[in-house]
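Asker: For reference, the structure I am asking about is given below.
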Amino acid sequence: MAIIGIVAVDRRGAIGKAGGLPWHYKVDLRFFKEQTTDHVCVMGRRTWASLSAPLPNRLNIILSHHLMLEPQASVICLRNALEILSLAPYLVSDIFIIGGASIYRTFFPAIERWIVTEVPLTVEDADTFMPAGYLDGFALTATQELADALVVKFYARMK
Ligand SMILES: NC(=O)c1ccc[n+]([C@@H]2O[C@H](COP(=O)([O-])OP(=O)(O)OC[C@H]3O[C@@H](n4cnc5c(N)ncnc54)[C@H](OP(=O)(O)O)[C@@H]3O)[C@@H](O)[C@H]2O)c1
């Protein structure tokens, strides 16, 4: 079990615009699906609101102080990060921290690895950015090229 941050960023660290992703790359969505399927995905209430349905074949954990959800398969809503981190020792699957910015910030001390897709764009009017220095203390371990000039970088926390 590992706690892994997964994100796609533009050249300036932008990740969101008007409540959604500022781009649509099928190849990155496919990559995200490959990485996270059969694992746990933790997201903030705003990122949850941007999805049309729960991510299939994954446990969707939504973090919110107030959101009340009707019971549904593969979705749970928790109130604070500690509730999620206290599950970690009992899980066999990985926990993917899938955003948005406030969730990355909340889980930063717990994240052991990052998977970062670098998007070759500079998004105008982006309104959500990665916290500065989120890769401080991490070392690059691998690089993978996807189609459409996307590059995925894998990082691990230095001991
Ligand atoms: N490029 C990417 O890879 C990527 C990935 C994910 C998201 N995004 C984008 O990022 C944007 C959303 O990011 P965001 O930062 O605005 O919102 P977010 O992190 O998705 O959600 C924020 C909400 O999560 C809840 N929350 C956050 N920290 C919490 C804590 N410690 N305890 C309890 N609840 C907590 C709060 O919900 P309540 O207000 O209900 O309490 C908060 O308002 C969207 O544009 C989305 O498309 C991009």
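The values are calculated or read from the model by the stated rules, or taken from the named source; none is laboratory data. Keep in mind it's a predicted model, so treat the numbers as computed, not measured. Cβ: placed from backbone, ideal geometry, glycine included. Neighbour counts: every protein chain shown.
Asker: Failed condition for Phe107, given (1) over 25 Å from Ala142 (Cα atoms); (2) in contact with a strand residue (DSSP E or B) (Cβ under 9 Å, 6 or more places away or on another chain); (3) among the aromatic types (Phe, Trp, Tyr), with all others met?
Answerer: Failing condition for Phe107: (1).
Asker: State yes or no: is Glu70 of a type in the set (D, E, K, R) and more than 14 Å from the ligand (Cβ to nearest atom)?
Answerer: yes
Asker: Can you tell me which residue in the stretch 1-53 is farthest from the ligand (Cβ to nearest atom), limited to those that are under 21 Å from Asn80 (Cβ atoms), in a helix (DSSP H, G or I) and touching a residue at least 24 places away in the same chain (Cβ under 8 Å)?
Answerer: Restricting to residues being under 21 Å from Asn80 (Cβ atoms), in a helix (DSSP H, G or I) and touching a residue at least 24 places away in the same chain (Cβ under 8 Å), the top hit is Ala49.
Asker: Would you confirm whether or not the stretch 42-58 contains a residue that is modelled with pLDDT of 95 or more, surrounded by fewer than 19 Cβ atoms within 10 Å (Cβ to Cβ), touching a helix residue (DSSP H, G or I) at 6+ places or on another chain (Cβ under 9 Å) and among the β-branched types (Val, Ile, Thr)?
Answerer: No: the stretch 42-58 contains no residue that is modelled with pLDDT of 95 or more, surrounded by fewer than 19 Cβ atoms within 10 Å (Cβ to Cβ), touching a helix residue (DSSP H, G or I) at 6+ places or on another chain (Cβ under 9 Å) and among the β-branched types (Val, Ile, Thr).
Asker: Now a separate question. Residue pairs, Cβ under 6 Å, 6 or more apart or interchain, first in the stretch 105-132 and closer than 14 Å to Ile15 by Cβ and acidic (Asp, Glu), second away from the ligand (no atom under 12 Å from the Cβ) and modelled with pLDDT of 95 or more. List them.
Answerer: Glu118/Val151
Asker: List, please: which pairs have Cβ atoms under 9 Å, are six or more places apart or on different chains, and start with a residue in the stretch 134-153 that is among the acidic types (Asp, Glu) and end with one that is part of a strand (DSSP E or B)?
Answerer: Glu145/Val151; Glu145/Val152
Asker: Turning to a different aspect of this structure: Kindly list the number of the only condition in (1) more than 16 Å from Tyr104 (Cα to Cα); (2) within 12 Å of the ligand (Cβ to nearest atom); (3) under 14 Å from the mean Cα position of the chain (by Cα) that fails for Leu59.
Answerer: (2)
Asker: Right, here's the next one. Looking at the stretch 59-83, which of the residues that are of a type in the set (S, T, N, Q) and more than 16 Å from Ile103 (Cβ to Cβ) is surrounded by the most Cβ atoms within 10 Å (Cβ to Cβ)?
Answerer: Ser74
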